[in-house]
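See structure below.
The values are calculated or read from the model by the stated rules, or taken from the named source; none is laboratory data. Predicted model only: the values in this text are computed from it and were never measured. Cβ coordinates were reconstructed from backbone atoms using ideal geometry, including for glycine residues, and neighbour counts include every protein chain displayed. Surface accessibility is based on the protein's heavy atoms, side chains included, excluding ligands, DNA and RNA. Shrake-Rupley method; radii C 1.70, N 1.55, O 1.52, S 1.80 Å.
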Amino acid sequence: MQERLCELESLTRDYARYSRSAGGLASVLGGVFCLSSYLLGGLLPLTPLLRIGLVALPLVWLLARWSMVHRYYQRLGHVEEQEGTAEHRTHRLCVGVTLVVAALQTVSALMHGVQPSPGVTAYLALVWLLVLAGWRWLRSPLDFVVGVFLFCQAALLCVGRVYPVIGTSAALDALPMELLALLFPLAALLMVARGMADHRRFLQLRERLLRLRNAVAGES
């Protein structure tokens, strides 16, 4: 009996990861969205339809992530993952940085007398929404990096700009921006790989949980 309780505790702890840090298919989707936004935004003409689609990507991802957690990965019952001290500090640091950046962007717009327009308003709204998303949903470092890119790309599109794809600009002063932007698709690829691995582990975990539950039900 004690051995079974220890097994249940271990399985529950692994299962709880899928409430926060383990995204599974949601991580795969986030990585695909990040790569799509990077390549489509940097290589294709920015038609109104494309802009709307890319601006919507971060919101679609967060909604899909929430749905996958509640309707698939936690459908056997909601178990909240407990954050460790290091994870908590890292998360607070990331949220703090986005908060400072959002405040600086807003103050800069006010000090330079930027005229209010739908594009500027949407830009600032997305920057501040990133702070909320980082605090509430972007719990792991990879989630945070990919989320930052999706929201920042969407914000730039609102004011007619985009992260450049490396090699597409002839201007030397654009090279630092290209190299910075290159970090995001690399993070996206890592996120896809991690998401696929997490999903495979979840399938094994679910099978073990169901087998244990059936065993307990058979004994009662």
Estimated FRET transfer efficiency when R0 is 30 angstrom, pair Gln74-Leu189 (beta carbons, to 0.05): 0.65
The chain: angle of helix 25-43 to the longest principal axis, Cα-based, in degrees nearest 10: 20
Folded to 0 to 90 degrees: helix 118-136 orientation relative to the chain principal axis, Cα: 30
Gyration tensor (Cα) of the range 67-132, equivalent ellipsoid semi-axes in angstrom: 35, 18, 5
Helical contribution to [θ] at 222 nm, DSSP H n ≥ 4, -39,500 (n - 2.57), averaged over the chain, rounded to 500: -26000 deg cm²/dmol
When the chain is reduced to its Cα atoms, the Kirkwood hydrodynamic radius in Å: 19.2
Length added when fully stretched, Arg89-Leu212, from 0.36 nm per residue minus Cα-Cα: 40.7 nm
The range 1-127 - charge dipole about Cα centre, Lys and Arg +1 at Cβ, Asp and Glu -1, debye rounded to 20: 360
Accessible area, probe 1.4 Å, largest first, for residues Trp66, Trp137: Trp66, Trp137
Globularity index of the range 1-127, i.e. its alpha-carbon radius of gyration over 2.2 N^0.38 Å: 1.45
Largest to smallest accessible area among Ile166, Ile52 [probe 1.4 Å]: Ile52, Ile166
Helix 48-68 axis, angle to the chain major axis (alpha carbon atoms, nearest 10°): 20
Area of Cys94 that stays accessible when all protein chains are in place (1.4 Å probe, Å², to 10): 30
